[in-house]
Amino acid sequence: MSVQVQGLTKIYGTQRAVNEVTFEARKGEVLGFLGPNGAGKTTTMKILTCFIPQSAGKALVCGFDTEKDPMEVRRRIGYLPEHNPLYKDMYVREYLNFIGRLHHLPKRSARVAEMIEMTGLTREQRKPIGSLSKGYRQRVGLAQAMLHDPEVLILDEPTSGLDPNQLAEIRRLIAEIGREKTVLFSTHIMQEVQALCSRVVIINKGKIVANDSIETLQQKVVGERVVTVEFQQSVAEAQLRSIAGVKRVKSLGKQRWQLTGSSKRDLRPEVFRTAVERKWVLLEMRQEVSSVEDVFQELTK
C-alpha cells in the first residue's frame, strides 16, 4: 500500500478534528477523499504531507512513517493544498525551475519543459504568476506537485476555479497519473468523484463514515429500489401494483411509470415476466441508482 493510515487522531484543545481515522490508498488508484467543510479532510492531508504532526495513531507513506521519517515522506509526495501557495512575483518557468532545484532534479530543464506542456502552460510560461487567472494558477500548482515525479499525489480541491475546458483537461491528466501512481483527491464536485475515483473515503465530524467503491456505496445507501418502465400500450396502475415486490407506483406520463420496491429485491425479473405473460410491449426498463450527491448527503447529514 502506498498510503496506510491507522487510528490517526488530531486534537486541538478539546476538539478532535480527526478522530481515529483508518484507511489505505493503493498504487494505481484515484481515491476520493470527501467530507463537508470542517470534517477533517484538510487536517488529514496536512498530517500525511508532514505539515503538522498527529496527536495519536500512525500514517505511512510508501512505508515511511510521517513522524519518524518526514523527509523521506516529503520526497515521495506531491502536494497541492486547498489554498495554492505560489510566489506571485516569479515567472512560471522561473518558479518551476526554482522548485526543481529544491528537489535536486538531475535533468531539471527537461522536466520543467515536460510539466509545462503536460499542464497546458506553454503560452503562459513567461508570464508572472500574479498575472495569471485562478485556473492557470491551479495548473502551476499541479505542475509543481508533479515536478519531482512523486509516487503519491495529494490534491486538495485541485480543480477549483477552472473553466469547463480546463476541467476536462485536468481531469484527464489526473486520470492518467492515477494509472501509475497513488492519487488522494479531495473535491466538493461530485461529478468529478464519479468520473475519476475508483474508490471513496467519506469523513464526517472527524470520523470515517464510508470506505468503498462508488457502486457499492450507492447500493448500500438506497433503502428502496426504483425501476423506471415504459410500455407501448396503455397499462393500468392497478396491474402494475399487482406485480410481486412492487410497493408503490407513480405515473411519469405517456405510459412511463416508476415502480418502487424493497432494496433487497430486484423488481426487473418480475416486471419482465409479467410483461411477457400479459403481452405488454416493454420499450424501456431501467433501475435507478442513487447519485453520488445522494450518497454523500445521506452519510453526512
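Throughout, read-outs are computed from the coordinates displayed, never taken from laboratory work. As the structure is a computational prediction, the values presented were derived from the model and not from experiment. Here Cβ is always computed from backbone atoms with ideal geometry, including for glycine, and neighbour counts include all displayed protein chains.
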Can you tell me the Rg and the Dmax, both Å, for the Cα atoms in the range 222-300?
-> 13.3, 45
Amide proton proximity set for ASN204, modelled H, under 5 Å, gap of 5+ | VAL209
Sorted largest first, the C-alpha extents of the range 32-83 along its principal axes in whole angstrom are 31, 24, 18
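By its C-alpha gyration tensor, with a ≥ b ≥ c as the square roots of the eigenvalues, how is the range 86-128 shaped: rounded for a/c under 1.5, else prolate for a/b larger than b/c, else oblate?
Since a/c reaches 1.5 but b/c is at least a/b, the shape of the range 86-128 is classed as oblate.
Add +1 for every Lys or Arg and -1 for every Asp or Glu among the other residues with Cβ under 14 Å from the Cβ of LYS41, and state the total.
Working: positive: LYS10, LYS46, LYS205, LYS207; negative: GLU82, ASP156, GLU157.
Charge balance in the 14 Å sphere: +1.
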